[in-house]
Structure formats: structure tokens, C-alpha cells
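Input: a single structure, listed below in C-alpha cells.
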Amino acid sequence: MPTFQYQSMKSSEAGPATIDAPDRAAAVRALMAKGITPTRVEPVGKKGNGRAASRGASKQSAGLSLRIGNSPMTRSEMASFIGELATAVQAGLPIVPALRTIAGQGRTDAQKKMLDTIIQDVERGRSLADSMRAVGPPFTALVTNLVQAGEVSGRLGEVLGQAAVLLDRDLKLRRALTSAMMYPAILTTFIVIAIVILVTFIVPNIMSSVNLPPDQLPLPTVIVMGVADFIGSYWWLLGLMIAFAMYFYSRAMRTPSSRLKIDRFLVGTPVLGRLLRDIAVARFTRTFGTLAGAGLPVITSLKITKGTLGNRALEGVMDDVCDEVSHGRTISEPLEKSGYFPPLLIQLMNLGEKTGTLDEMLLRAADAFEERTQASVKLFTQVLPPLLIVVLAGVVGFVILAVMLPLIEMQNAIGGA
């Protein structure tokens with residue numbers, strides 16, 4: 001187990017002490033439980049090098065999660081920060097000392113500057129939520145609204161804990177999706193490279209020994225040779241076509257109407273569509289349940305949840321839900337009409353609305369739907385690679401057929417002569 005050295009507010013002159021813990025956040029929690037307020041917690045052997053260690057951790061986490069805009073924190077660092085803040089607040093530490101403690105724990109210069117700005121605003125009497133909004137990224141509307149709800153209700157520590165769980169679950173979901181897409185993407189790249197090499201280099205060399213007239217070549221051979229000639233002569237045109245396709249795709253994704261059509265098509269595909277729907281349902285249940293449980297209004301919670309779905313077709317459903325709720329109707333009816341959300345979720349939400357326990361029902365269902373998402377990710381990774389291999393086998397088999405047919409005809413002609 002790693003060892004961490006720390007200094008507390010009461011014993012800064014006595015030098016650092018040590019504690020064993022799985023990670024830095026666990027070390028902070030253990031110290032708080034003992035009544036010790038740490039001002040610095042660093043891994044043993046990295047004293048004085050906290051900045052470099054943080055930068056190394058930032059680079060490592062960047063490979064698994066993207067930065068939120070141009071913010072100084074990655075998604076994983078944001079989840080860790082909210083978790084540490086929740087631990088400090090739940091232990092009874094005031095906001096300003098808690099933020100100062102977290103700021104001194106090996107943060108980068110940009111993160112320390114950001115936290116110093118928040119601390120100064122809070123010391124001037126500004127709320128923590130307003131101070132986070134003033135900073136902007138990485139503090140999204142989801143985080144700031146949860147913090148505001150916690151401050152207004154007097155349950156800041158509890159709400160921060162819920163926010164930490166939400167961010168951590170979302171981060172794990174993103175990592176699982178990234179891992180699921182990585183292997184098929186690599187496999188597809190190698191398949192394309194293998195086909196291009198086979199058609200443009202290997203086949204022409206073999207076919208150079210074939211002395212049959214072009215009009216006597218079998219159809220598969222004519223097709224393969226035509227593709228080889230096109231790639232060899234017009235490779236620049238092929239590259240230009242790919243570049244234009246990528247440009248028009250990115251432009252379509254920025255156009256609301258085109259993006260809606262693309263997203264509707266994606267959620268309707270057999271394997272990928274199920275994966276996208278399960279991801280959206282898992283995010284919806286966890287996010288909406290957390291926001292509703294924190295005391296935020298239903299309309300506000302729905303609008304914030306809409307921004308976490310990542311699909312315009314499903315976001316349109318949230319707009320319909322907001323319209324229905326604003327007219328005094330239930331949430332479950334428009335969700336059921338959309339056809340994107342599972343019947344179990346509809347029934348649970350209907351029951352939760354009738355009994356006044358909507359947030360509890362959603363949070364209970366969130367674990368089940370996240371497990372279902374993991375199963376969908378596993379299914380996606382199991383189904384797609386074999387399909388790609390089948391495609392590769394079909395292409396290679398067609399190329400081999402194109403090469404073998406004229407050779408067989410030549411052999412028959414020689415034998416007949």
C-alpha cells in the first residue's frame with residue numbers, strides 16, 4: 001500500500017508525518033476521520049515535486065478522459081476534486097480551509113490559481129456555486145447547480161458526495177466506451193491497410209505473369225485490377241474524397257437538422273444503437289436522480305440532464321418532457337412515446353411520480369441500467385470484431401478468386417494445347 005507524508009494545520013512546525021492509504025483521497029479521508037486537518041498530502045519520495053507529480057498524473061488521465069474545454073482540469077481530476085471537497089465538508093471543515101487544503105495537495109499552477117480565485121470570492125461573501133460559475137470550465141452547469149442546491153438546503157457535504165459519485169460513474173462509463181471503441185478502430189485500420197497493400201502491390205505483381213487478353217479475364221479479376229489501377233493512378237483523388245467526406249461529416253454534425261438525422265440513424269442501428277440508448281438511459285437515470293434528490297426543480301433537472309445525453313434525438317425527447325411537465329403532465333408519458341427508453345424505467349418513474357419518491361426510484365434503477373450498459377459494451381466488443389474479420393475474409397477471398405481464376409484458365413489452355 002502506498003505511503004503518504006502529510007502536514008497538518010496544528011503541527012506544521014513538527015515536520016511531515018506519514019500514513020498508509022490506497023490513494024491520496026483515501027489518505028485525506030483517513031486523516032479527517034482522526035480529526036487531523038492536512039495542509040499537504042504527498043506520496044513519499046515526491047516531496048517538493050508535487051507539481052511534477054500532478055503534471056504526470058494529468059498526462060496519464062488525459063489519455064483516458066478529455067479536458068473540459070480549455071479548463072485546467074480533466075474529467076478525472078474534476079471528479080477527484082469534488083470527492084475530496086465532499087470528504088472535507090462532511091468531516092466538518094469550513095469551505096475556505098477545505099479549498100486551501102485541496103489546493104496544496106500537489107495541484108498544478110493553473111489549478112492552484114483557479115482555486116485561489118474561488119477562495120478569494122468565497123472570502124468576500126460570494127457563494128461557492130457563484131464562484132464556480134464565475135470561473136467557468138471545468139465547473140459545468142451540472143456541478144454548479146448541485147453545489148447551489150447543497151448550499152441552499154444546508155446539505156452541501158451530502159450533495160457534494162452525490163456529485164462525486166455521479167462524476168465518477170460518468171467517468172467510468174466514458175472509459176468503458178473508449179475501451180470498447182479502441183479495439184474495433186485499430187482492427188478496422190489494419191484491415192483497410194491490408195486490403196490496400198494486397199490490391200495495389202501484391203495483386204498487380206502476380207497478374208503481370210497472366211497473358212490473357214483483357215476481354216477474356218473473369219469479372220472478379222477485372223474488378224480487382226480496376227480497383228488497383230484506380231488506387232495506383234488516382235490515389236490523390238481518393239485522399240481528396242476522404243478529406244471532403246470528413247469535412248462534410250463534421251459540418252453536418254454542427255448543423256442541428258443534419259445532426260438530428262444522423263443521431264436518429266445511429267440510435268436505430270442494431271448493435272451500436274442499443275449501446276447508445278443504454279448509455280443515454282444510464283446517464284439519464286443517474287444524473288436526473290441525483291439532481292432531483294438534491295432538491296433542484298424538475299424542469300431545471302431535466303434541462304441539465306439533457307446536456308449529458310450526447311444525442312440530439314434523445315435531447316429532443318427531453319424538450320418534449322419539459323413541455324409536458326410545464327403543462328402539469330407526467331414525465332413518464334413522453335418518455336414512453338419516444339420509444340427510446342425501456343419499459344422498466346417508465347414504470348419506475350411512473351411509480352416514483354405517484355408516490356413522491358422519484359429520485360429514490362431513479363437512483364435505485366441507475367445501478368441496474370449501468371450494469372446493462374456494461375453488458376451492451378461487452379456485447380459490442382464481442383460482436384463487432386468478428387464482423388470485421390468476416391468482412392476482411394470476404395474481401396481477401398474475393399481477391400484470391402480474382403487471382404486464381406485467370407491462372408486456372410491459363411493452365412487449362414496450356415493443357416488443352
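We did not get these values from a lab; they are worked out from the coordinates using the rules stated. Quantities reported herein were computed from a predicted structural model and do not represent experimental measurements. All Cβ positions, even for glycine, are placed from backbone atoms using ideal geometry, and neighbour counts span all protein chains on display.
Annotations
- Distance between the modelled labels on Lys34 and Leu238, one decimal in nanometres: 6.5 nm (7 Å Cα→Cβ projection).
- Ranked by how many other beta carbons lie within 10 Å on average, peptides 396-403, 321-328 from highest: 396-403, 321-328
- The chain - mean residue ellipticity at 222 nm from DSSP helices (-39,500 (n - 2.57) per run, n ≥ 4, rounded to 500): -24500 deg cm²/dmol
- The chain, dipole about Cα centre (Lys/Arg Cβ +1, Asp/Glu Cβ -1), debye to the nearest 20: 1020
- Taking Cβ atoms as reference points and 11 Å as the exclusive limit, the residues near Leu379 contribute a net charge of +2, counting Lys and Arg as +1 and Asp and Glu as -1.
- Lysine pairs meeting the criterion (Cα under 21 Å, 8 or more apart or interchain), as found in the chain: 17
- Listed peptides 251-262, 194-205, 272-283 by packing density, highest first (mean Cβ within 10 Å): 272-283, 194-205, 251-262
- Span-rule helices in the chain, defined as complete DSSP H runs reaching 24 Å or more along the axis (Cα) with Kyte mean at least -0.5: 156-197, 235-254, 271-293, 358-416
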